[in-house]
Each structure stands twice: as structure tokens, then as C-alpha cells.
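To keep things clear, I will list the structure first and then write my remarks on it.
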Amino acid sequence: MKQLVQVGDMKVGVKGDEIVTYSLGSCLGLMIYDPVAHVGGMLHAMLPLSKINPEKAAANPYMFVDKGVPILFKAVYNLGGRKERLIVKAAGCGSPMGKNEMFKIGERNYTVLKKLLWKNGVLLKAEEVGDSISRTVYFDISTGQVTIKTGRNERLL
Amino acid sequence: MKQGRKREIISKMKSFPSMSGIAAKVLKLLDDPNSSAGQVEQLLKQDPSLTANLLKLTNSAYFGLPSKIGSVRHAITLMGWKKITKLVMAACVNSITDRQILGYGLPPGVLWEHSVAVSVTAEGLMRELKIPEGDEIFTAALLHDLGKLILGAFVEEELDEIEKAAGNGIPFQMAEQEVLGTDHAEIGALMLESWSFPSKLVNAVRWHHDPDSAPETSSTIDIVHVANVLCLMIGIGAGVEGLHYEPSVSATKRLGIKPTQLELIASQTLQWVKELTDAF
């Protein structure tokens, strides 16, 4: 089944599912996959820290990297995923051009992700982050294959 | 050659059907202190789809009215003159932007959603920064990308060249200028000028990617600029050009905005957009 992850959203899937997200700009797209259990999940988080809007974080934790990432891992564990087998990949975290620090939300998203993963002893297997581009991510849960598309350009992650 | 291209684009712009004739008359009526709700209602009756859009917007969750509004007259009484003007504008913009935009790779509905997103983000930023809300900010934001409706077909033809130019490190609208002799901000402003829109609106559209080049800087231009970049970043309306625009450091300084304020607004934008667009 094809599942769509909206901005500030998370979806998990099993063999036969494909999970897609569109328009990853400065948002973080995080894909985790257990190649033995053939289960996985994708998060599309918009902002680094939930303390900016606790009320919103209570209603929708997936909007924030610090809240969404732990829930994604738990959801995949619930499907039978095991931490030691997980393949973790990140995409997105782009920024507009120039040096305006105000708009470096993508970089801040990435920093918070790295801290979280480091604290929990999880490594990123692959990443395509940064740049002034918008990415679409296709995540095939049968194979674990992650494909990124930008404009007319498509590549594997 | 570029000049020839620009002339071709402008001539196509001139043949673009103007916003519904009724809409223009309604906006004029709303601008006239002596007009009445009854007159506005009479006029709107001649354009049922505009009226339907207007009522959908009025009844959207964004405004949180306690009961459903079924008539234009009731809507005017409840919302007030200024809000109704904005909503008539939004109803018109919906009818022309709610389609696929060639060249920029925007599927149907995305430019409309982006236009609404920039409008509510702009209003949110005004409130957050405690800038007295000008009537024009919502409309300026709503119309900022109008030029894409015309320029899209030309961008489609020259996309390789434009992407090549942008690849050399210049923002997308400058790449459009380099290849086509004009860009979507300039074309949008020319459209509004030809429809006799107020210069404040024309300028906000004209300089939404380059607020520092405006003959006179203004918070309206700066806010539309910031709101637009923010919406693209959070994935509302980013097309082939992605985030290939450069936010002005001076504009954010002029506004005195902090990163936390920007993030707070970003955290609310999605819900505001959903509330307004779910009505359609």
C-alpha cells in the first residue's frame, strides 16, 4: 500500500508498502528500516525543538525532531523492528541560499537529529542533507530502498 | 534576444483574462465608503462561483464563526468591510491559481495553497512583531506569485537554461531574468499594474524576492519576502526551484525578527492553511 507522509507526520509500513513524502525543504525526512523483519517508518519533521510551541507538540509531536524521532523508533519496534538491525537514513534539512542565520532551520533540524542519535548510539547509514533544494522521498518497505527525487533528477540514497 | 522574449511575455500577459469583471467591480465598491452591503450583494449575485467561494472562505474553520453563513449580506455584517474585501480577493485568487502551473512543476492546487500559506504567515508575522496590520498585507501576500501563471509556460521551454544559470549560484528569479529578460515577480507586478491595483500591492509583488532593491523599503514588502521563504522551506509550494532564493539579511534586520519568532509562526502555519483550504 502507498502511504503519504504529510509535513509534520509519520507513517510506518510492512513488506509491500511504499512510503512517500513530498516537498522536503528545510524539514527533516528520517527513514528507518529493519531488513530482517521488513518493517520501517518515515518521519517528516518541520522544526528542531518542541519547546517553541509545547501546545502544538502535545497535539502533533511529529512536527518536531526532538519529539518525533523517538516515536518513530518506538513505532517500528512495535512492528517487530530491532534496534541493532535498523538502517537509518536522513534526507532534507535544506536551506535557502545565502548566509541569513534566521533561515537555517534545516541545519538546526539536522543538529538536533545528530545529538539524539548520538545519545542513543545510533548511526546514520546514509544521508543527503542541505542544499537549496526540495526533495521527494520514496521509501520501499519491501527492499528498504530509498529514492530521492529533485525536479527531474532521481537517485538512490 | 532577451528583450524580444520579454516583449513576447508581456504581450501574453496582456491577453491574460483579467480577474473576473465582477470581482473588480466588487473591490471598487468595497473601496467606496458610500456603498452598501446590499449593493455588494446585488453585484455578487452575477457571479455565482465567486459568491460560492466567498461563502466557503467565510465559513472556513480559520474564522471560527459560531454558525454557518448562507448569504453575502450576512457575511458582510458579521465579518466587516475590511475582511470581506480580503475574502473577495482570496475567492478571486482561488479561481485563477487553483490549477497546474507549468514550468515550476506545481501540481493543481499547490499555487493556491502556497498563496494562502504566505498570506496567513504574513499576517501571523505582523501580529508576532506587533506591526500595525495594514489592509494590504493579506492581499499582497495572496498575489505575490501571480506572475508564475504567465511565466510558467516560458520557464517550461527554457528550464535547462534557467537551471544552468541558477546553478552558477544566482537565485532562481535572477536566472529567469538572465534567460527570459524578466522574472515572475516583475510580470506579476506588471499584471497588477495593468489592472490598476494600488502601488503598495504592486511593489510588494514586484520586490518579494529582492526587498532591498525596492525604491522605498517597507514592512509590507519585507514581511511578504520573509513569509514566502518560510513557506517554501516548510514545503508549501516549493516547485522545481526548491529553496533556490536568497532571503535578505537587511529585511530581517529591518523587521527585528528573531529565529524563535520565525519558528513559532512556522509551527502554526500548517493549521491556518488547513483551516482555510479545507473549505474548498
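Please give the net charge around A:ASP34, taking every other residue with its beta carbon less than 12 angstrom from that of A:ASP34, where Lys and Arg add +1 and Asp and Glu add -1. Every neighbour counted, the sum reads +3.
Residues with beta-carbon under 14 Å from that of A:ASP9, excluding A:ASP9: net charge, scoring Lys, Arg +1 and Asp, Glu -1?
Residues close to A:ASP9 contribute a combined charge of +4.
Rounded to the nearest 20, the size of the Cβ-charge dipole of chain B about its Cα centre is 920 debye, with Lys and Arg at +1 and Asp and Glu at -1. Neighbours of B:GLU113 by Cβ distance under 13 Å: Lys/Arg scored +1, Asp/Glu scored -1, total -2.
Applying a DSSP loop filter and a limit of 15 other Cβ atoms within 10 Å to the trypsin sites (Lys or Arg not before Pro) in region A:65-113 leaves A:ARG82, A:LYS99. Note on chain A: percent of Cα-Cα distances in each 10 Å bin, starting at 0 and stopping at the bin with the largest distance, equals 12, 44, 36, 8, 0. Average 1/r across all pairs of distinct alpha carbons in chain B, invert it, and you get the Kirkwood radius: 19.2 Å. Site-free segments of chain B were taken between GluC sites (Glu not before Pro) in DSSP loops having at most 14 other Cβ atoms within 10 Å, sites themselves excluded; the longest one is B:1-132. Averaged over the residues of peptide B:261-272, the number of Cβ atoms from other protein chains lying within 10 Å of each residue's Cβ is 5. In a DSSP loop and with at most 13 other Cβ atoms within 10 Å, the trypsin sites (Lys or Arg not before Pro) in region B:94-142 are B:LYS130.
Between B:MET233, B:MET174, B:MET191, find the one with the highest GNM mean-square fluctuation for chain B; connect C-alpha pairs within less than 10 Å. Looking only at B:MET233, B:MET174, B:MET191, the largest GNM fluctuation is found for B:MET233. For the protein assembly as shown, the C-alpha radius of gyration divided by 2.2 N^0.38 Å, with N the number of residues, is 1.01. In the protein assembly as shown, a dipole from Cβ-located charges (positive for Lys and Arg, negative for Asp and Glu) runs towards its positive end, and of A:ALA59, B:MET13, A:TYR110 it is A:ALA59 whose Cα lies farthest in that direction. Simple rule: put +1 on each Lys or Arg Cβ and -1 on each Asp or Glu Cβ in chain B, find the dipole, and look at B:ILE162, B:VAL72, B:SER49; the Cα lying farthest toward the positive end is B:VAL72. Translational diffusion of region B:48-141 was estimated from the Stokes-Einstein equation, with Rh taken as the Kirkwood radius over Cα pairs; at 4 °C and 1.567 mPa s the coefficient is 91 µm²/s.
For the cross-link pairs A:LYS104/B:LYS253; A:LYS99/B:LYS253; B:LYS83/B:LYS258; A:LYS56/B:LYS68, which exceed 24 Å when the distance is taken from alpha carbon to alpha carbon? Pairs exceeding 24 Å: B:LYS83/B:LYS258; A:LYS56/B:LYS68.
Sorting A:ARG152, A:ARG135 by the number of Cβ atoms found within 10 Å of their own Cβ, with the fewest placed first, yields A:ARG152, A:ARG135.
None of the figures in this text is laboratory data; all of them are computed from the coordinates on show. What you see is a predicted model, and the numbers here were worked out from it, not measured in a lab. With ideal geometry, Cβ positions are generated from the backbone for all residues, glycine too; neighbour counts draw on all protein chains shown.
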